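Comments concern the structure below.
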Amino acid sequence: METLLQLFWLFVKVNLLSTSGPASVGLLHTEAVGKIMTEAQFIQAVGLSSVLPGSDALQLAMFVGYAAGGIAGALVALIGSVLPPTLLMFGVVSILHRLRREAWVSRFVEGLTPAVAVLMLFVAWKVFIGGNSGTANWQMGALGLASLIALIFNAPAPLVLLAAGILGVFIF
């Protein structure tokens with residue numbers, strides 16, 4: 001139980017003091033090596049989390065947690081990693097929810113909307129082109145177009161995202 005509590009506070013601390021991802025590796029090294037795991041285990045954890053797809057920070061947290069406390073340690077480390085940004089986001093959303101009727105907030109959102117739209121179009125274009133390969137990925141483009149058409153016809157957005165995600169896993 002002591003190890004799980006130590007893991008939880010370790011990852012809460014790391015995620016409050018760093019921006020997560022590669023920036024948190026140095027802090028995690030300082031806090032974990034010698035206390036929870038060996039240098040060799042930490043190097044193995046960083047190497048494995050860098051190779052696997054997905055968030056390096058979360059995979060590293062789960063690996064360190066698993067090395068220190070098994071499956072329960074991995075879950076505790078994951079919760080400790082996700083909790084600080086989640087609480088911060090809830091705080092920001094609640095503040096914005098209270099300020100939503102303020103004129104300056106609505107003007108800020110109106111000004112931000114075109115920038116977000118252009119950013120999304122840029123990301124979609126990069127995904128469709130396939131990064132730097134220069135060849136168009138017609139399957140991804142068709143999935144995106146089908147999702148857009150579904151949203152235009154007022155399909156529930158969570159259902160469209162779920163369906164596109166599941167299809168994307170099976171197609172790609």
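The values are calculated or read from the model by the stated rules, or taken from the named source; none is laboratory data. All of these numbers come straight from a predicted model, not from anything done at the bench. All Cβ positions, even for glycine, are placed from backbone atoms using ideal geometry, and neighbour counts span all protein chains on display.
Would you be able to say whether some residue in the range 1-9 is at pLDDT 85 or above, surrounded by fewer than 15 Cβ atoms within 10 Å (Cβ to Cβ) and among the acidic types (Asp, Glu)? For the range 1-9, residues at pLDDT 85 or above, surrounded by fewer than 15 Cβ atoms within 10 Å (Cβ to Cβ) and among the acidic types (Asp, Glu): absent. Selection of the range 58-77 for residues being within 18 Å of residue 25 (Cα to Cα) and either free of Cβ contacts under 8 Å to residues at least 40 places away in the same chain or exposed (fewer than 10 other Cβ atoms within 10 Å of the Cβ) (or both) yields 58, 59, 60, 62, 63, 66, 67, 74.
Given the structure, is residue 19 under 16 Å from the mean Cα position of the chain (by Cα), of a type in the set (S, T, N, Q) and loosely packed, with under 12 Cβ neighbours inside 10 Å? Answer is yes for this residue.
Residue by residue, here is whether (1) assigned by TED's automatic domain parsing to the domain that holds residue 141; (2) surrounded by fewer than 10 Cβ atoms within 10 Å (Cβ to Cβ); (3) modelled with pLDDT under 80; (4) polar (S, T, N, Q) holds:
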position: 79; (1), (2), (3), (4): no, no, no, no
position: 82; (1), (2), (3), (4): no, no, no, no
position: 85; (1), (2), (3), (4): no, no, no, no
position: 88; (1), (2), (3), (4): no, no, no, no
position: 94; (1), (2), (3), (4): no, no, no, yes
position: 109; (1), (2), (3), (4): yes, no, yes, no
position: 114; (1), (2), (3), (4): yes, yes, no, no
position: 123; (1), (2), (3), (4): yes, no, yes, no
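Within the range 60-75, at least one residue is at pLDDT 85 or above and either among the hydroxyl-bearing types (Ser, Thr, Tyr) or not in a helix (DSSP H, G or I) (or both). Evaluate the range 25-44: report whether one residue or more is free of Cβ contacts under 8 Å to residues at least 60 places away in the same chain, under 14 Å from the mean Cα position of the chain (by Cα) and not in a helix (DSSP H, G or I). Within the range 25-44 (the criterion being free of Cβ contacts under 8 Å to residues at least 60 places away in the same chain, under 14 Å from the mean Cα position of the chain (by Cα) and not in a helix (DSSP H, G or I)), the answer is no, since none of the residues qualifies.
Residue 43 passes every criterion in (1) loosely packed, with under 12 Cβ neighbours inside 10 Å; (2) in the same structural domain as residue 19 (by TED's automatic domain parsing) apart from (1).
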